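Visitor: Quick one: structure below, then a few questions.
The values are calculated or read from the model by the stated rules, or taken from the named source; none is laboratory data. Just so it is clear, the structure is predicted and the values come from calculations on it, not from any experiment. Because the Cβ atoms are built from the backbone with ideal geometry, glycine has one as well, and the counts that use them run over all protein chains shown. Areas reflect the complete protein model, heavy atoms only, side chains present, ligands, DNA and RNA absent. Shrake-Rupley method; radii C 1.70, N 1.55, O 1.52, S 1.80 Å.
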Amino acid sequence: MNRDLVDRLRQFHELTAGEFRALLTMRDPLDVKYLMEQAREVAQKQFGTKIFLRGLVELSNVCRNDCLYCGIRQSNTHVSRYTLSREQVLQCCELGYQTGFRTFVLQGGEWGEQRSPWIADLISAIRLRWPDCAITLSLGEHPRETYALWREAGADRYLLRHETHNERLYSLLHPQGMTIGHRLQCLDWLKELGYQTGAGIMVGAPYQSLGSIVEDIQYLIDFKPHMIGIGPFIPQHDTPFARFPAGSADLTARLYAILRLALPQTLIPSTTAMATVAPDGRLRGILAGANVVMPNLSPEDNRKQYALYDNKAALGAESAQGIKQLADELATIGYAIDWSRGDSPNA
Ligand code: 5AD
């Protein structure tokens with residue numbers, strides 16, 4: 001019965017809410033194994049046994065926003081704030097490029113619009129110096145004009161997790177004034193502007209229900225993002241959610257598998273949060289149909305200051321030696337690194 005649902009999801013890319021719920025809660029290990037196998041098969045048909053790499057540059061932990069789950073929220077006065085200089089960012093990219101990276105992800109807190117031209121300038125500089133690389137942004141909510149400015153400067157992709165499609169849950173996770181409506185508006189703008197667009201959620205966020213995860217699956221199927229970023233929620237000790245438990249690696253992997261079957265062409269990273277909650281988390285994500293890994297290219301000195309959550313796993317893949325380690329880890333499950341830009345097949 002459950003395997004029948006898996007087959008139908010693979011074939012038709014949709015199920016009813018109740019059926020998705022059944023897949024999220026099924027208990028028989030053989031059913032779960034079947035789901036993972038099918039998801040893996042679909043991922044391999046699309047991407048082979050190859051994993052795309054993205055070099056993550058954590059631009060700044062300065063943030064005007066105050067999301068209750070996030071360690072770099074404005075109200076957290078225990079964070080020492082930094083912003084990389086243009087030269088530092090270019091150095092990170094240079095190091096990454098020499099190692100073989102062909103996608104750079106500039107991620108950071110939400111800044112006021114007065115700094116948007118600085119970002120545009122930085123994007124142009126990267127675009128000019130490494131024309132063969134993809135530039136991904138993960139810088140939060142901004143006016144449409146800012147997204148347009150950055151796109152014109154040469155950015156190709158934008159990651160903006162919707163966090164939850166459920167209005168009530170969204171307002172429990174975010175400060176007053178932030179709405180899911182506006183978040184979805186931003187995602188629509190990004191797509192319209194021609195970005196390869198990524199949405200996604202945290203699994204096991206405080207107050208999250210199974211029903212809200214089902215809503216998220218349905219939203220993702222409807223929106224058809226090019227990329228889906230999902231990781232377990234992990235508490236950060238200086239946030240209002242410090243005492244909530246971390247999300248589960250099992251449920252996260254199950255969600256990767258369901259979304260792989262629903263949206264076969266989507267780029268799905270096995271996230272750092274996944275590697276943080278379980279020692280074999282990264283590999284489990286790949287075995288559930290994920291096909292991207294995002295090693296950190298940020299300067300060593302700043303990494304601990306970019307603590308969205310506690311005990312963040314580090315993957316020293318920026319060095320040749322770190323890459324060898326990652327390649328060896330992937331090889332244990334029969335996978336290898338794909339060094340190409342790795343654009344979305346439906347871009
Ligand atoms: N645990 C897990 N993920 C988190 N993020 C932010 N804070 C946490 C946390 N405590 C995720 C959010 C955000 C992305 C950049 O990091 O989903 O979109």
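Visitor: So what is the relative contact order of the range 52-338, in percent, for Cα pairs below 8 Å that sit 6 or more residues apart?
Guide: Across the range 52-338, relative contact order equals 21 percent.
Visitor: If you don't mind, there's one more thing I want to ask. Could you state the accessible area per residue of the chain in Å², with a 1.4 Å probe and every protein chain left in place?
Guide: For the chain, the solvent-accessible area averages 41 Å² per residue.
Visitor: For the range 52-338, what percent of Cα pairs sit more than 31 Å apart?
Guide: I get 21 percent for the Cα pairs in the range 52-338 exceeding 31 Å.
Visitor: State, to one decimal in nm, how far the label point of A336 lies from the label point of E152, with both points 7 Å from Cα in the Cβ direction.
Guide: Computed distance between label sites A336 and E152 equals 4.3 nm.
Visitor: Between H182 and L68, what length in nm is gained on full extension when 0.36 nm per residue of separation is reduced by their alpha carbon distance?
Guide: Roughly 39.3 nm would be gained on extension.
Visitor: When the accessible area of the chain is computed with all protein chains present and a 1.4 Å probe, what percentage of it is carbon and sulfur?
Guide: After summing per-atom areas, the C and S share lands at 52 percent.
Visitor: Right, next: Based on the Cα gyration tensor of the range 209-347, what are the three equivalent ellipsoid semi-axes, each the root of five times an eigenvalue, rounded to whole Å and given largest first? All intermediate terms of the calculation are to be shown ahead of the outcome.
Guide: On the way: eigenvalues 110, 98, 38 Å².
Semi-axes from the Cα gyration tensor: 23, 22, 14 Å.
Visitor: How much FRET efficiency would the formula 1/(1 + (r/R0)^6) give for Q91 and S124, where r is the Cβ-Cβ distance and R0 is 22 Å, rounded to 0.05?
Guide: Approximately 0.80, to the nearest 0.05.
Visitor: Could you list, bin by bin from short to long, the percent of Cα-Cα pairs of the range 39-168 in 5 Å steps?
Guide: Answer for the range 39-168: a P(r) of 2, 9, 17, 20, 18, 15, 10, 6, 2, 0 percent.
Visitor: Right, here's the next one. Explain nothing, just the number: dipole magnitude of the range 52-338 about its Cα centre with +1 on each Lys and Arg Cβ and -1 on each Asp and Glu Cβ, in debye rounded to the nearest 20.
Guide: It works out to roughly 140 debye.
Visitor: Just for the chain, what percent of DSSP beta bridges are antiparallel, to the closest 5?
Guide: DSSP beta bridges in the chain are roughly 5 percent antiparallel.
Visitor: With unit charges on the beta carbons (Lys and Arg positive, Asp and Glu negative) and the dipole taken about the Cα centre of the chain, which residue among Y256, G211, T332 sits farthest to the positive side?
Guide: After comparing all options, I get T332.
Visitor: Here are some pairs, K50/K224; K50/K304; K304/K324; K224/K304; K191/K304; K50/K312; which of them have Cα atoms lying more than 27 Å apart in this structure? Intermediate results must be reported in sequence, preceding the final value.
Guide: On the way: K50/K224 22 Å; K50/K304 30 Å; K304/K324 24 Å; K224/K304 34 Å; K191/K304 33 Å; K50/K312 25 Å.
Flagged as over cut-off: K50/K304; K224/K304; K191/K304.
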